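Working notes, structure below.
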Amino acid sequence: MSVAIDTGLGLTVRGLTALFNTPRGMALAVADVDLDVAPGEMVGLVGESGSGKSVTLRSIMGLIQTPGHVTGKVEWGGRDLVAMPAEELRRIRGSEIAMIFQEPMTALNPVLPVGLQLEENLVAHTRLNARERRARALQLMNTVGIPAAERRLNEYPHQFSGGMRQRAMIAIALACSPKLLLADEPTTALDVTIQDQILKLLLDLRDRLAMSVVLVTHDLGVIAGTCDRMAVMYAGRIVEMGTVIDVFRQPRHPYTRGLLGSVPRAGAVRTMLSSIEGTPPSLTDLPAGCAFHPRCSFATDICRQERPPLLSLGNDRKAACFHHDRVAAAEAIL
Amino acid sequence: MQNIGSGSLPLFSFVLRRILQMIPTVVFILVVTFVLVRLLPGDPASAMLGDRAIDADVERINASLGLDKPIPVQFLYFVKNVFTGDLGTSIALKLPVTTIIMQRLPVTLMLTLMAALLALVLAVPLAFLAALRREQTADAVIRGTFQVGLSMPVFYVGILMLTVFGATLKWFPVGGYGDTFADRLYHLFLPALTLAFSFSAVLMRNLRSSIIGVINAEYVDFARAKGLRPRIIMTRHVLRNALISTVTLFGLQIGTLFGGAVITETVFAVPGAGRLMIDSIYGRDYPVLQGLTIALAVLVSLTFLATDIFQAWLDPRVAR
Ligand SMILES: Nc1ncnc2c1ncn2[C@@H]1O[C@H](COP(=O)(O)OP(=O)(O)OP(=O)(O)O)[C@@H](O)[C@H]1O
Ligand code: SF4
Ligand SMILES: [Mg+2]
């Protein structure tokens, strides 16, 4: 799968780290993340609230501002987005790479008509004239299932329901047919039918345009139904990675095992991540060794002293756990 | 900017509603002016006659001005006259008050307008600079300077400007009012700058903090994620939202600005409504005073109307 590294196609993230200077000290929100997304590939990103999923997407987009600071490499088409001049990055954002924000209620500007907020994307990246932009906007509104599109384009976000705003945001992100879509919980505010419709749309775009997708979701059913590979984040780090089938069948990290907990293995039913006992650690004061050890039933002395590296386990599989064998074996017994 | 489309319908009915709301305001203005002028100490006849006043003369003059009638009758006359544009005759100048006001008020209007524009031209870029470099040197310098500006009285700033740019550098005239339009702009520049100085400090402070509030909003990040040009992000997304609260402040401060105009006109010897007001207070020129108060009060409420409409245009949620 990882053709990205060889050809310079797709997205290659190396050592991505995001630090926030907070009153309580430096918060390590994203630590040393490596991620590859090939053209036409869909990668799921899961983890508890606060594990750094949104900050990862924002860092890839170059949206982190002071008091945050991002280091590492984000290679896209052979160019490093982190080191790139602002104007060059601007041309890529919104056209080649687009992002769907997590919060549909706050991501739209309250004082501008939705149509304008869609069309300004086209103004920034295409040479379409006003009539062509309107036509494209109407087409996008229909695609994401917003009825009465003509009238809706002239309305303001406060006249839209949460679900409609989310669809509008998806339409805006897709406006310039991006090659990479960073989707931060794109379907949370939508009912099942619309959710399926949107996911089908993303799959269709992936097939037709070889669009790559990084999909953040709490819905394991969505991951199972759409993604090729998945990555699990804990306290800012990727702790497990692999094909969706492999990870679901046999988690190699106790945290993943906990998240998958209650998923019925047969069929892709809508199932949310199960909650794990204990609370996530404070990012300004991470536990020594493995950040998961205070909550881990597999933990031993070494876990409290050393941080487990994210090791390759073959077959495109990685896990950051000293005892991944025991975890795998325990799973087999279940 | 794009057309507002169906959004213009609520805006239209909002404007209509807002205009109707002005009716009670106008009535209130009339009552208050009428009462206030009659509460002033001393009567105009004594003022006109000065030390030589004898009772018979005083009564004759009061009668000729209608000041001997019962108060309610005076009020009815007053309302009728106001609506027919007859604000009486100036005691001091022996000219119709309407004529005098039409001569003087445009001068003040131009001065205030210039001051408001200058204040905006000063405040908007500096507020942006301070907000974007917040807690850094530029921010500290800008805020410090304006803090000084805020704490200096208008007449003091005026005299300072006069001394430096008028008398010493001779860049601008030290007073008066020109004949041609360009000449007038030139004459009004220093007074307008004086007036703008503290006004822009108020605006700047408010705008700076609302820009800081808006600039971290999710929709601004989303706008950046869309790859919009920085200029569009700053104007369409940041400034427009930040201006909403500043426009309210702008409207509320307009009265203060007119008050400042009175002082400024005195310092710079500008023949505007402010000077006229001071002269008519000293001369107890009731009719002029009354006329001026009404004109200014109506102007201020028209400014409120304008800022409300502007705000409704900025923020479609207002006009619902
Ligand atoms: N601007 C910021 N300043 C300081 N800390 C921040 C900032 N943005 C994010 N963080 C911190 O980074 C951590 C990761 O946040 P992030 O939003 O990426 O979590 P998430 O995985 O997306 O969670 P959720 O599932 O709730 O969306 C959080 O602890 C958050 O407090
Ligand atoms: S390294 Fe140790 S503490 Fe960390 S997940 Fe593995 S077993 Fe648990
Ligand atoms: Mg998030």
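The values are calculated or read from the model by the stated rules, or taken from the named source; none is laboratory data. All of these numbers come straight from a predicted model, not from anything done at the bench. Heads up, the Cβs are rebuilt from the backbone with ideal geometry, glycines too, and the neighbour counts pull from every protein chain shown. When the accessible area is computed, the model is the full protein with side chains, heavy atoms only, and any ligands, DNA or RNA have been set aside. Shrake-Rupley method; radii C 1.70, N 1.55, O 1.52, S 1.80 Å.
Worth pointing out:
- Considering only A:GLN250, A:GLN102, A:GLN65, the Gaussian network model of chain A with Cα springs below 10 Å gives its largest mean-square fluctuation to A:GLN65.
- Karplus (6.51, -1.76, 1.60) ³J(HN,Hα), θ = phi - 60°, over segment A:169-176, in Hz, Gly and Pro reported as x: 5, 5, 4, 5, 5, 8, 3, 9
- Here's how it looks for A:LEU311: its modeled amide H is under 5 Å from those of A:ALA319, A:ALA320, A:CYS321, which are all 5 or more places away or on a different chain.
- Solvent-accessible surface ranking, highest first, for A:ARG151, A:ARG295, B:ARG134 at 1.4 angstrom: A:ARG151, B:ARG134, A:ARG295
- 18 Å tail of the calculated P(r), segment A:106-177, as % of Cα pairs: 27
- Treating each Cα of segment B:130-260 as one equal point scatterer and applying the Debye formula with no solvent, the log10 of I(q)/I(0) at q = 0.09 Å⁻¹ comes out as -0.38.
- Between helix B:286-314 and chain B: long-axis angle, C-alpha atoms, 0 to 90°, nearest 10: 20
- Per-residue ³J(HN,Hα) for segment B:274-279, Karplus 6.51 cos²θ - 1.76 cosθ + 1.60, θ = phi - 60°, Hz, x for Gly and Pro: x, 4, 4, 5, 4, 4
- Bins of 10 Å, starting at 0 and running to the largest distance - Cα pair percent for the protein assembly as shown: 3, 13, 18, 17, 14, 11, 9, 7, 5, 2, 1, 0
- Principal semi-axes in Å for segment B:187-320 [√(5λ), Cα gyration tensor, largest first]: 39, 17, 10
- Each residue of segment A:13-24 is assigned a 3J(HN,Hα), and the resulting list reads 9, 10, x, 5, 9, 10, 10, 10, 7, 10, x, 8 Hz, derived from the Karplus form 6.51 cos²θ - 1.76 cosθ + 1.60 (θ = phi - 60°), x at Gly and Pro.
- In this simple spin-label approximation, A:ARG24 and B:TRP171 carry label points 7 Å from Cα along the Cα→Cβ vector, and these lie 5.3 nm apart.
- Its alpha carbons give chain A an Rg and a Dmax of 20.3, 67 Å.
- Across chain A, Cα pairs under 8 Å and at least six residues apart give a relative contact order of 19 percent.
- Using the Stokes-Einstein relation with a Kirkwood hydrodynamic radius computed over Cα pairs, the translational diffusion coefficient of chain B at 25 °C and a viscosity of 0.890 mPa s comes to 109 µm²/s.
- Accessible surface, 1.4 Å probe, highest first, among residues B:PHE165, B:PHE146, B:PHE181: B:PHE181, B:PHE165, B:PHE146
- Chain B: angle of helix B:71-83 to the longest principal axis, Cα-based, in degrees nearest 10: 60
- Global form of segment A:190-230, assessed from the alpha-carbon gyration tensor, a/c cut-off 1.5: oblate
- Shape parameters for segment A:107-236, alpha-carbon atoms, Rg then Dmax in Å: 15.1, 48
- If you run the Gaussian network model on chain B, springs between alpha carbon atoms under 10 Å, then out of B:LEU193, B:LEU129, B:LEU30 the most flexible one is B:LEU129.
- Carbon and sulfur %, accessible surface of the protein assembly as shown computed with the full protein complex present, 1.4 Å: 62
- Calculated FRET efficiency for the pair A:LEU203/B:THR248, C-beta based, R₀ 51 Å, to 0.05: 0.60
- Label-to-label distance, nm, for residues given as B:PHE12 and B:THR180 (7 Å Cα→Cβ offset): 4.4
- Alpha-carbon centroid distance for the pair segment A:109-163 / segment B:159-228, whole angstrom: 37
- The GNM of chain A, with springs linking C-alpha atoms under 10 angstrom apart, assigns the highest mean-square fluctuation among A:LEU205, A:LEU174, A:LEU63 to A:LEU63.
- When B:THR235, B:THR108 are compared by accessible area at a 1.4 angstrom probe, the order from most to least is B:THR235, B:THR108.
- Given R0 = 45 Å, the distance between the Cβ atoms of A:ARG79 and B:VAL148 translates into a calculated FRET efficiency of 0.40.
- Taking every C-alpha pair closer than 8 Å and separated by at least 6 residues, the mean separation divided by the residue count of segment A:106-177 gives a relative contact order of 47 percent.
- Surface accessible to a 1.4 Å probe, B:HIS187 within the full protein complex, Å²: 40
- 9 Å beta-carbon shell around B:PRO271, net charge (K/R +1, D/E -1): +1
- Distance histogram for segment A:73-113 (every C-alpha pair counted, 5 angstrom bins, percent rounded to whole numbers): 5, 19, 21, 18, 15, 13, 7, 1
- Between the helical axis of A:114-125 and the longest alpha-carbon principal axis of chain A there is an angle of about 80 degrees.
- Summarising the label geometry, the points placed 7 Å from Cα in the beta-carbon direction at A:THR243 and B:ALA306 lie 7.1 nm from one another.
- Amide H contacts under 5 Å for A:GLY44, placed H, 5+ residues apart: A:LEU215, A:ASP228, A:ARG229, A:MET230, A:ALA231
- Amide H contacts under 5 Å for A:ILE100, placed H, 5+ residues apart: A:LEU182, A:ALA183, A:ASP184
- Theoretical FRET efficiency, 1/(1+(r/R0)^6), r = Cβ-Cβ of B:TYR156 and B:ARG133, R0 30 Å, to 0.05: 0.50
- At q = 0.11, 0.14 Å⁻¹ the log10 of I(q)/I(0) for segment A:58-157 amounts to -0.43, -0.67, computed by Debye summation with a single uniform scatterer per C-alpha, solvent ignored.
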